[in-house]
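Colleague: Quick one: this structure, given as structure tokens, is what I'll be asking you about.
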Amino acid sequence: MSAASDTAWRVGTVTEVHPETPSARRIIIDVAEWPGNIAGQHLDVRLTAPDGYSATRSYSIASAGPGTRVDLAVDKLPDGEVSPFLVDDLMVGDMLEIHGPLGGWFVWEPDAAPNVPGDGASATAGAASPRPVQLIGGGSGVVPLVAMIRSHVAAEDTTPFRLLYSVRTPEDVFFPDVLADDAGMPALRVDLIYTRRAPDGWPVTPARITREVVESSVFPASANPRVYLCGSTAFVETVAAWLVDLGHDPRSIRTERFGGTS
Ligand SMILES: Cc1cc2nc3c(=O)[nH]c(=O)nc-3n(C[C@H](O)[C@H](O)[C@H](O)COP(=O)(O)OP(=O)(O)OC[C@H]3O[C@@H](n4cnc5c(N)ncnc54)[C@H](O)[C@@H]3O)c2cc1C
């Protein structure tokens, strides 16, 4: 499958909606003639009012691979224009205008070359051993990372994977079904950071993610990991700066910013 973006607008039919967190909803769409997508890609959703006014927003795709099923997870911004409709009002059977899949940079494929030139791979890194993959997500920023984990699991890929995931409370974890039991893959490790409330007996007091937490949880720079970092703009910029400070090659850090300052 190519990472090239598809510029066509298509109409998808909502087949399932489920509560994802107290503020978010999982939305499953069947999109006729969907070309499939690579883990990490996103799409645009366009809503059009009866008076012709339209608003378009991007949403990461939580699913990957061939087929016409597309999984999304949308967090509601109470004063937002589009997300409250998608979370509160969209119903099974509704049609949605969709543009995509989009994006060819923030993507991961199981059979990708272990070291891509210009990707921060050192000249001495062995082509036989794939570079580890470090996923870092904040809140709904885990959605494209979930697609990468699903891809990793489906392919029974042995590339070492870690996810560092910052969420407010246990109820705010997106895709707990995918992340449960480290997705059943020995090559995947999940580190959860709770910022407001942790489960009973959790060994760490809830607090915002820090440079020290990042340093102790992620693959060290010496392991030359490929890093995928996604969340609010503020989260991504803060963590990316720490990673560079910790010696990670900026060319190895791929970021996706969802907007927002918290
Ligand atoms: C590539 C990409 C992928 C994305 N994937 C997802 C996804 O999988 N799930 C998801 O829930 N969202 C995702 N987003 C964010 C999404 O596109 C919208 O920005 C979000 O749903 C808010 O839209 P809205 O119309 O409800 O709010 P708007 O009317 O656009 O904004 C309302 C207010 O919220 C602020 N704001 C906008 N975005 C955010 C944010 N992310 N956090 C905090 N404040 C914000 C605005 O500055 C404004 O003040 C993605 C964004 C990008 C660029």
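The values are calculated or read from the model by the stated rules, or taken from the named source; none is laboratory data. Being a predicted model, the structure only gives us computed values, none of them experimental. Methodologically, a virtual Cβ is constructed for each residue, glycine included, from the backbone with ideal geometry; neighbour enumeration extends over all protein chains shown. Only protein heavy atoms, including side chains, enter the accessible area calculation; ligands, DNA and RNA are left aside. Shrake-Rupley method; radii C 1.70, N 1.55, O 1.52, S 1.80 Å.
Colleague: Could you check, for segment 225-241, whether at least one of its residues is outside any loop (DSSP other than H, G, I, E, B) and more than 18 Å from the chain's Cα centre (by Cα)?
Modeller: Checking segment 225-241: at least one residue is outside any loop (DSSP other than H, G, I, E, B) and more than 18 Å from the chain's Cα centre (by Cα).
Colleague: Another question, if that's okay. Answer yes if at least one residue in segment 218-232 is away from the ligand (no atom under 16 Å from the Cβ) and among the polar types (S, T, N, Q), and no otherwise.
Modeller: Checked segment 218-232: at least one residue is away from the ligand (no atom under 16 Å from the Cβ) and among the polar types (S, T, N, Q).
Colleague: Related question: With respect to ASP44, determine if the residue is assigned to a strand (DSSP E or B), at pLDDT 95 or above, open to solvent by 10 Å² or more (accessible area, probe 1.4 Å) and under 23 Å from GLU109 (Cβ atoms).
Modeller: yes
Colleague: I've got another one for you. Here's a check for you: in segment 242-262, which residue that is in a strand (DSSP E or B) and open to solvent by less than 60 Å² (accessible area, probe 1.4 Å) is farthest from the ligand (Cβ to nearest atom)?
Modeller: Across segment 242-262, the extreme among qualifying residues is ILE253.
Colleague: Contact list please: Cβ distance under 8 Å, first residue in segment 42-53 and not assigned by TED's automatic domain parsing to the domain that holds CYS230, second residue among the β-branched types (Val, Ile, Thr) and open to solvent by 40 Å² or more (accessible area, probe 1.4 Å), pairs at least six apart or on different chains.
Modeller: Hits for this filter: ASP44/THR56; VAL45/THR56; ARG46/THR56; LEU47/THR56.
Colleague: Of all residues being open to solvent by less than 40 Å² (accessible area, probe 1.4 Å) and over 16 Å from GLY139 (Cβ atoms) in segment 68-85, which is farthest from the ligand (Cβ to nearest atom)? Just the residue, please.
Modeller: By that ranking, first place goes to VAL70.
Colleague: Still on this model: Condition (residue is in contact with a His (Cβ under 7 Å, 6 or more places away or on another chain) and within 29 Å of GLY103 (Cα to Cα)) applied to segment 207-225: is it met by at least one residue?
Modeller: yes
Colleague: If you take the residues in segment 54-67 that are within 13 Å of the ligand (Cβ to nearest atom) and farther than 14 Å from GLU97 by Cα, which one is surrounded by the fewest Cβ atoms within 10 Å (Cβ to Cβ)?
Modeller: SER63
Colleague: Let me ask something else. Restricting the search to segment 149-173, which residues are surrounded by fewer than 24 Cβ atoms within 10 Å (Cβ to Cβ), outside any strand (DSSP E or B) and within 15 Å of the ligand (Cβ to nearest atom)?
Modeller: Selection gives ARG150, ARG168, ASP172, VAL173.
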